[in-house]
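Below is one structure, written out as structure tokens; the observations come after it.
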Amino acid sequence: MATTSTRSRSGANRSTSKSATTDRTQDKPVSSNGDRGLSNFTVVAGAAGAGMALGVLAMLGRKVAVQAPTYFAGEWDQALAAEHKAVLKLFDALQATEDSETSKRSVLLTQMKHALAKHALEEENAVYPALRDAGEIAGADELNSEHGYVKQYLYDLENMPNNSPEFLVKVAKFRADIEEHMQEEEEALFPLLRSKLTAEQNKLLTQQMNKEGFKLA
């Protein structure tokens with residue numbers, strides 16, 4: 001009888017132990033596939049968002065770097081004169097190339113096209129309107145019209161063989177015309193406009209010009 005009682009108690013203990021183990025197992029949180037999927041999506045989305053943010057910051061950093069020389073050159077007329085000099089340096093480099101240096105010519109022409117596009121936007125969207133408001137309508141319209149010929153030169157150069165002697169002939173003609181345009185701005189119309197504006201108006205025009213340049217920087 002004592003043996004039977006001992007066996008009964010032993011069986012009861014084992015049953016109780018199994019029940020407790022089952023309860024503990026049931027109490028553990030179960031991670032579903034849906035939870036894991038949501039977690040993975042959150043990680044991927046976070047990484048994508050961080051990547052986009054870094055991309056935007058990199059783009060803004062590049063724009064700031066491109067516009068910085070203009071910004072630090074001084075007020076609007078000084079800044080535009082500095083850009084003129086930078087473009088002429090690109091002409092120097094382009095005219096120093098050999099007919100065999102086709103890749104170098106392509107790169108320099110692309111750089112020139114970008115520099116002139118940014119420069120034109122600054123003038124056409126800020127400076128030339130200020131010229132018209134100051135009563136220099138004919139002068140502003142003439143300068144704006146000459147920008148059309150600048151674009152024509154760039155188009156012609158991009159669409160002709162850049163390994164021929166005629167390429168540099170066209171570049172030389174382009175340079176002569178654009179230097180005349182720059183001289184007219186720097187020696188005549190820009191000083192005239194500056195004299196007609198107050199110090200505050202010149203400061204505002206400088207801000208507007210840099211804002212336009214930043215768009216294409």
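With the range 93-167 as the region, which helices (runs of 4 or more DSSP H) entirely inside it contain at least 2 residues that are among the small types (G, A, S)?
Values: elements: 102-122, 128-133, 137-158.
Qualifying helices (runs of 4 or more DSSP H): 102-122, 137-158.
State which residue is nearest to A130 (Cα to Cα) when the search covers only the range 77-96 and only residues that are free of Cβ contacts under 8 Å to residues at least 12 places away in the same chain and not acidic (D, E).
First, the residues of the range 77-96 that are free of Cβ contacts under 8 Å to residues at least 12 places away in the same chain: 78, 85, 89, 92, 96.
Retained after the next criterion (residues that are not acidic (D, E)): 78, 85, 89, 96.
Working: Q78: 16, K85: 23, K89: 28, A96: 37 Å.
Ranking the candidates gives Q78 first.
For a quick check of your reading of the model, give me the residue pairs whose first member lies in the range 62-76 and is within 14 Å of Q207 (Cα to Cα), whose second is of a type outside the set (K, R) and outside any helix (DSSP H, G or I), with beta-carbon atoms closer than 7 Å and at least 6 apart or on different chains.
As it stands, the answer is Q67/A217, since those pairs meet every condition given.
Applying the selection to the range 132-154, what residues are farther than 21 Å from H84 by Cβ and loosely packed, with under 13 Cβ neighbours inside 10 Å?
Passing the criteria: G135, I137, A138.
Please work out if V43 is within 30 Å of I178 (Cα to Cα) and modelled with pLDDT of 65 or more.
Numbers: within 30 Å of I178 (Cα to Cα): no; modelled with pLDDT of 65 or more: yes.
Against the criterion (within 30 Å of I178 (Cα to Cα) and modelled with pLDDT of 65 or more), V43 does not qualify.
Do we find that E185 is without any contact (Cβ under 8 Å) to a residue 12 or more places away in the chain and either assigned to a helix (DSSP H, G or I) or surrounded by 15 or more Cβ atoms within 10 Å (Cβ to Cβ) (or both) in this structure?
no
Starting from residues that are free of Cβ contacts under 8 Å to residues at least 12 places away in the same chain and assigned to a helix (DSSP H, G or I), keep the ones in the range 188-199 and report whichever is nearest to F91 (Cα to Cα). Can you show your working first?
To start, the set of residues in the range 188-199 that are free of Cβ contacts under 8 Å to residues at least 12 places away in the same chain comprises 195, 198-199.
From the residues that got through so far, the ones that are assigned to a helix (DSSP H, G or I) too are 195, 199.
On the way: S195: 31, A199: 34 Å.
The selected residue is S195.
Of all residues being loosely packed, with under 13 Cβ neighbours inside 10 Å and not aromatic (F, W, Y) in the range 63-88, which is farthest from the chain's Cα centre (by Cα)? Just the residue, please.
Narrowing the range 63-88 to residues loosely packed, with under 13 Cβ neighbours inside 10 Å: 64-65, 68-69, 72, 85.
Checking which are not aromatic (F, W, Y) leaves us with 64-65, 68-69, 85.
Details: V64: 8, A65: 9, A68: 13, P69: 15, K85: 22 Å.
Taking the candidates together, the pick is K85.
Confirm whether N202 is buried (at least 17 other Cβ atoms within 10 Å of the Cβ) and either out of contact with any helix residue (DSSP H, G or I) (no Cβ under 7 Å at 6 or more places or on another chain) or part of a helix (DSSP H, G or I) (or both). Outline the logic, then answer.
Working: buried (at least 17 other Cβ atoms within 10 Å of the Cβ): yes; either out of contact with any helix residue (DSSP H, G or I) (no Cβ under 7 Å at 6 or more places or on another chain) or part of a helix (DSSP H, G or I) (or both): yes.
When the stated conditions are applied, N202 passes them.
Since L216 meets every condition but one in (1) surrounded by fewer than 18 Cβ atoms within 10 Å (Cβ to Cβ); (2) at pLDDT 95 or above, which condition does it not meet?
It fails just one condition, (2).
The values are calculated or read from the model by the stated rules, or taken from the named source; none is laboratory data. Remember, predicted model here, so these are calculated numbers, not experimental data. Glycine also receives a Cβ, built like all others from the backbone with ideal geometry; neighbour counts cover every protein chain displayed.
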